[in-house]
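Below is one structure, written out as structure tokens, with a few remarks after it.
Read-outs: derived from the displayed coordinates by stated rules, not from any lab. Not measured: the values here are computed from a predicted model. All Cβ positions, glycine included, derive from the backbone under ideal geometry; neighbour counts span all protein chains shown.
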Amino acid sequence: MPTLEKNINSVKKILTSADILVFEFISEGGKKFAAIYADGIADKALLGELVVKPLRAAEAEDGIEKVRLLLASPEVKDCNRIPDAVKEISDGNAVLFVDGEKDFFIIGLKSPPARAISEPPTQIAVKGPREGFIEDIKTNMGLVRKRIKSENLQIKTIKCGERSDTAVALVYIEGVCPAGLPEKIEKQISENEIDIIPDSSYISSFISKRPRSLFKRVGTAEKPDIFCAKICEGRVGILVDGSPIAVTAPYMIVEDFQTGEDYYQSSYRATTLRLIRAISVFIGILLPALYVSAQLFKSQLIPFRLLLKISSSVQGIPLSPSIEMFLTLLVLEVLNEASIRMPKYVGLALSIVGALVLGDTAVKAGIISTPAIIIIAFSAICLYTVPDLVETTATLRWIYLIVAGSIGSFGLVVLTGFIITYLCSENVYGVPLLAPFAPLVKGDLYDAMTKSNLYTLKNRPASLRSGDKVRLKNGNKR
Amino acid sequence: MEISVRQICFILIFYNAASKLLQYPTLLSGYAGSGLLFSALVSFAVEGAVIWAVAYLSSKTEKTLFALVKDTFGEVAARIVYGFFAVFFILCSVLPLFEHKLYVHAIFYDTVPALFSFLPVFFFTVYAGSKPFKNIGRCADICMPVFILSFAFVAFMSLSEVDYTNLLPLNAAPAKSIFGGSLKTALYFTEPAYLLMFLGHYKYKKGDAARLVLSYAGGAAIVLFFLATFYGVYGGISSSRQFAISKTSLYFSAMDMIGRVDLFALYAMEFVMLFAYVLNIQLAVHCLVRCTGFKSPEILSFAVNAALFAVIVAFDRFYTAIQSLFAGWMWIPVVLFAVALPAAAWGLRRRRNES
């Protein structure tokens with residue numbers, strides 16, 4: 001029979017860190033117990049209340065089964081391997097050893113430090129739910145369960161990261177999600193051996209067939225209502241412990257032009273906003289490039305009176321239009337980067353320096369023209385109408401600007417053709433990236449760049465090849 | 001299946017129209033004068049009949065042209081036929097390439113730029129040329145709204161100055177110039193050859209033959225409308241107005257106030273024209289892959305584009321000579337590959353059944 005000390009020593013031999021605590025206690029009947037847990041991530045109050053208190057009060061405990069019945073914790077697991085115990089302690093649970101017993105208990109007490117549920121800063125809604133995911137996967141799973149109570153909701157947890165042992169949960173609805181898709185995604189994640197998974201973006205890279213691509217290949221959601229809606233359309237959702245951003249696959253570019261709020265307001269308003277977003281993104285990418293190409297190669301593109309105004313503004317500017325635009329864009333990117341990284345109060349000063357000192361003074365000094373600043377500022381605002389695509393669109397803006405400065409508008413047309421050809425050839429888990437536009441899926445167009453009323457969206461997106469096509473049935477045909 | 005009937009319909013409407021809006025109206029008005037509509041009608045009628053024949057053939061077989069020829073004459077013959085088709089498609093892309101170059105220089109630049117500014121198009125054609133039919137179809141889906149919006153915009157701007165009485169009297173042009181015009185502009189009518197290449201690569205459903213023919217008729221209607229508008233705006237001097245699509249909207253009354261907004265529509269149209277142009281290269285590469293058995297379309301696309309690159313660099317300043325040359329004899333391969341061979345494909349099918 002292994003003694004209590006022997007078991008404790010076996011664990012402490014592996015987990016040598018000082019934050020691994022051992023709490024030994026004796027029951028009324030004289031039985032010795034030891035609870036081992038990691039300080040900071042296990043709930044000590046619960047340990048005292050659900051484990052120590054009932055065991056201490058016990059008169060006599062003959063055999064491990066009797067001890068089990070005394071435990072008030074709802075999450076108790078039997079175990080007899082020390083490596084498993086070590087893993088559970090590292091994960092935040094407690095291990096309870098009983099003197100003279102080979103078997104022991106794993107008590108679910110995991111309570112890692114987590115912030116409260118709040119509205120995500122990038123997906124603020126005027127109408128609709130305001131809850132956002134947090135870094136704790138269990139809370140996030142709870143937020144999903146709260147919304148989808150179906151018996152077909154499946155949450156499959158796997159571990160990823162050789163050292164971090166991060167929990168990754170695949171969330172899908174059986175029968176709605178295409179058969180075989182969760183397994184395919186699981187295989188792609190499991191194939192990777194990496195030290196640590198600090199964020200869900202690592203998982204995004206694992207499940208992207210082309211991680212070097214400029215274009216996103218997985219969707220993201222920071223709010224459980226959006227996440228659940230995507231799951232209900234037939235996608236697989238992925239929650240990663242430590243990340244407030246959930247990943248969804250398959251992904252279509254059009255998803256990023258849709259917001260959760262579109263579904264909580266009138267379809268007319270939603271359609272208008274979606275079109276504005278699409279137009280804004282095009283303007284944001286193309287406006288600096290078109291301005292440069294118009295100035296350099298085809299001044300007819302600019303209306304005559306505006307041209308006169310611009311020519312008076314650019315008079316005396318020592319830089320060529322392309323260099324001027326390039327530098328202005330560079331300043332914008334630097335200001336953007338610095339304002340995110342700097343402390344809040346310094347950031348305020350920075351925006352004053354950026355706007356007044358750099359902008360106003362540069363114009364007054366005749367280094368940069370006013371139209372260049374207006375165009376870059378407007379372009380920056382336009383791109384942020386679709387924040388999930390900013391990584392891609394901001395890079396594209398640079399590429400278009402360079403092409404426009406080199407060969408003009410024709411280069412822009414050729415580059416667009418090139419990008420469209422590329423996007424048309426891309427699929428994510430069998431779903432075309434440009435669906436429902438290429439290939440054209442008529443039924444899915446009702447919820448693409450336009451948003452029809454709820455009764456028109458009776459079927460799940462055909463592009464996703466869901467197992468269950470119908471999502472809305474109503475008695476009164478409307 | 002690699003391409004859908006809907007996507008082929010889009011190709012027959014929008015690529016068909018887009019490829020005939022640059023120099024075709026100018027040349028046809030030169031050859032046929034006010035009879036340009038009749039001349040175009042003759043071409044469309046002949047090609048439309050062949051389109052119907054090929055579309056109807058697809059209802060009878062699920063095989064590709066390669067398989068049909070192989071079943072009838074053996075694999076070597078099939079490879080040879082595809083080799084000839086590859087040459088045909090390369091030839092078909094020579095004149096449009098020159099036209100594009102001149103058009104690009106005219107509408108994208110204030111001054112005539114160096115040839116260098118046009119050459120980036122080869123980055124696109126090498127890349128797109130190697131793409132399979134699935135990609136061709138999807139690109140056609142994207143081009144559909146772009147063409148509709150841009151053409152509608154240009155047409156709207158053109159209508160303010162159009163005078164359709166310029167086309168009257170309808171019987172003014174002699175039959176010789178009407179038929180002569182059709183023959184000399186035959187090189188713009190290669191759609192039946194496209195459809196022949198798509199044979200066996202799409203799933204035929206009942207009524208698809210009618211859909212394909214109607215789509216071709218739709219494309220023809222757009223071109224005929226534009227021809228009438230172009231001649232309606234310029235009348236007798238139409239033949240001197242190069243790059244027709246960029247000329248009809250020039251006199252829109254609000255242009256002084258809003259600037260050359262028609263250029264944005266023309267740029268969007270150029271986007272569609274690029275895809276219409278690259279279809280020839282894509283089909284040439286497809287044929288070469290089958291002909292040579294070489295599995296890398298990227299290298300074949302590079303080779304085809306290198307040949308076209310050499311041609312455009314060598315004959316950069318000889319558009320007029322090349323245009324006259326092509327107008328003079330290109331109708332022969334067009335008749336052979338876009339009329340006779342598609343019709344002969346019916347013979348292949350029958351012979352196979354009989355055997």
Where in the stretch A:256-277 does the label zone of A:Asn459 land, with the point 7 angstrom along Cα→C-beta and an amide N cut-off under 15 Å?
none
Per-residue Cβ neighbour rank within 10 angstrom, fewest leading, B:His286, B:His100, B:His105:
B:His105, B:His100, B:His286
Compute the distance in nm between two label points, each set 7 Å from the Cα along the Cα-to-Cβ direction, one at A:Met342 and one at A:Asp78.
6.3 nm
List the lysines whose alpha-carbon lies under 23 Å from that of A:Lys102, not counting same-chain residues fewer than 8 positions away?
A:Lys6, A:Lys12, A:Lys13, A:Lys31, A:Lys32, A:Lys53, A:Lys66, A:Lys77, A:Lys87
Contact order relative to length of the stretch B:18-169, as percent, for alpha carbon pairs under 8 angstrom and 6 or more apart
24 percent
What percent do you get for the relative contact order of chain B when only Cα pairs under 8 Å and 6+ apart count?
42 percent
The percentage of Cα-Cα pairs in the protein assembly as shown separated by more than 53 Å is 29 percent
For chain A, build the convex hull from the C-alpha positions and give me its volume per residue in Å³.
194 Å³
Relative contact order for chain A, counting Cα pairs under 8 Å that sit 6 or more residues apart, in percent
13 percent
Straight-distance crosslink candidates among lysines, where the alpha carbon sits under 23 Å from B:Lys295 and sequence neighbours closer than 8 are dropped
A:Lys209, B:Lys63, B:Lys70, B:Lys131, B:Lys134
Longest span of chain A, sites excluded, free of GluC sites (Glu not before Pro) in DSSP loop with at most 14 other C-beta atoms within 10 Å?
A:194-478
On a straight-distance basis, which lysines could pair with A:Lys146 in a cross-link, Cα separation under 19 angstrom, same-chain partners fewer than 8 positions away excluded?
A:Lys138, A:Lys156, A:Lys223, A:Lys230
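Equivalent-ellipsoid semi-axes (√(5λ), Cα gyration tensor) for the stretch B:243-308, whole Å, largest first?
Values: eigenvalues 321, 17, 14 Å².
Three semi-axes, in Å: 40, 9, 8.
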Shielding by other protein chains, B:249-256, mean Cβ within 10 Å:
1
Of all chymotrypsin sites (Phe, Trp or Tyr not before Pro) in the stretch B:283-353, the ones in DSSP coil with at most 15 other Cβ atoms within 10 Å are B:Phe294, B:Phe315, B:Phe318
Placing +1 on each Lys and Arg Cβ and -1 on each Asp and Glu Cβ in the protein assembly as shown, then taking the dipole about the Cα centre, the residue among A:Leu329, B:Ala268, A:Thr157 whose Cα reaches farthest towards the positive end is B:Ala268
How big is the charge dipole of the protein assembly as shown about its Cα centre, in debye rounded to the nearest 20, if each Lys and Arg gets +1 on its Cβ and each Asp and Glu gets -1 on its Cβ?
2540 debye
When B:Leu196, A:Leu396 are ranked with the fewest other C-beta atoms within 10 Å first, the list becomes A:Leu396, B:Leu196
